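**Q** One structure coming up, written as structure tokens, with questions to follow.
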Amino acid sequence: MMMVLPSLALALLCLLRAGTQVPVQPGFDAQKFAGMWHIAAAASNCSLFLRMKDGMKSPSTTISITPEGDMAMTLLLPLLDRCQKLELLLQQRGQPGHYVGTSAQEKRELQVLDTDYGHYGIVQQLQPSGQGHSVGLQLLTRGQDVNPQLLQRFQELLPTVGLTKDMLAVLPRSGECQEAAEWPRWSP
Ligand SMILES: *[C@@H]1O[C@H](CO)[C@@H](O)[C@H](O)[C@H]1NC(C)=O
């Protein structure tokens, strides 16, 4: 599926790539974290992301937790005027709130750094690659509007993972994918 995605999709995938030694949310409760989130803002030092970020719109992601405790994510990526669907499965590894990619070519690591479950989540991702790994942070929100204080907090976290403000994109809403996400039986 990756092969047919245009570069904007690949740039959005950079949002999934990143992680260093930052603590996860204490007492992380995966079931409470499940459900639908909007990716309201993202920052990454992935070069593709940096090239494409100004044209991106907000993806949404629906998270469910398998009986084994793994995280299944369905991403809806707004691409031009379409909505591309992508499924990912991440295994819980080590402490709760820490997940790793399950496929051979995807070694991403995901950590939930902070969340109140009901309004926001801050997720860090790490992807090792040929030219060194890239690091990314995402701000997830349950609703489509982002509170300025939350955005401010998110920006303050960037330097703690080695990112700078010019690597940040506040992602505008995407009509296509929001509707698709709210449509329970939507298919590509
Ligand atoms: C991204 O930032 C991390 C942490 O500062 C660094 O180790 C990594 O090499 C950087 N990756 C790229 C592609 O610049």
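The values are calculated or read from the model by the stated rules, or taken from the named source; none is laboratory data. Please read these numbers as outputs of a predicted model, since none were measured by experiment. Neighbour counts are summed over all protein chains in view; Cβ atoms, including those assigned to glycine, are modelled from backbone coordinates with ideal geometry.
**Q** Would you pick out the residues in segment 130-188 that are aliphatic (A, V, I, L, M) and either at pLDDT below 85 or in a loop (DSSP other than H, G, I, E, B) (or both)?
**A** Val146, Leu163, Leu171, Ala180, Ala181
**Q** Looking only at segment 78-102, which residues are within 19 Å of Ile65 (Cβ to Cβ) and part of a loop (DSSP other than H, G, I, E, B)?
**A** Of everything in segment 78-102, those that are within 19 Å of Ile65 (Cβ to Cβ) and part of a loop (DSSP other than H, G, I, E, B) turn out to be Arg93, Gly94, Gln95, Pro96, Gly97, Thr102.
**Q** Pairs under 6 Å by beta carbon, first residue within 14 Å of the ligand (Cβ to nearest atom) in segment 42-58, partner basic (Lys, Arg) and modelled with pLDDT under 90, six or more apart or different chains?
**A** Cys46/Arg17
**Q** Kindly provide the set of residues from segment 73-100 that are surrounded by 14 or more Cβ atoms within 10 Å (Cβ to Cβ) and among the polar types (S, T, N, Q), ordered by number.
**A** Thr74, Gln84, Gln91, Gln92
**Q** Checking the conditions here, which among Pro67, Pro96, Pro128 is more than 24 Å from Gln155 (Cβ to Cβ), out of contact with any Pro (no Cβ under 6 Å at 6 or more places or on another chain), within 16 Å of the ligand (Cβ to nearest atom) and not polar (S, T, N, Q)?
**A** None of the other options fit; the residue is Pro128.
**Q** Okay, next question. Which condition breaks for Leu12 when tested against (1) within 14 Å of the ligand (Cβ to nearest atom); (2) at pLDDT below 90; (3) at negative phi?
**A** (1)
**Q** May I pose another question? Looking only at segment 103-129, count how many residues are in a strand (DSSP E or B) and modelled with pLDDT under 90. Before you say what the answer is, go through the steps one by one.
**A** Step one: list which residues in segment 103-129 are in a strand (DSSP E or B), which gives 109-115, 120-127.
Pick out the ones that are also modelled with pLDDT under 90 and you get 126-127.
Number satisfying all stated conditions: 2.
**Q** Tell me which residues, restricted to segment 36-72, are loosely packed, with under 14 Cβ neighbours inside 10 Å, among the charged types (D, E, K, R) and assigned to a loop (DSSP other than H, G, I, E, B).
**A** Glu68
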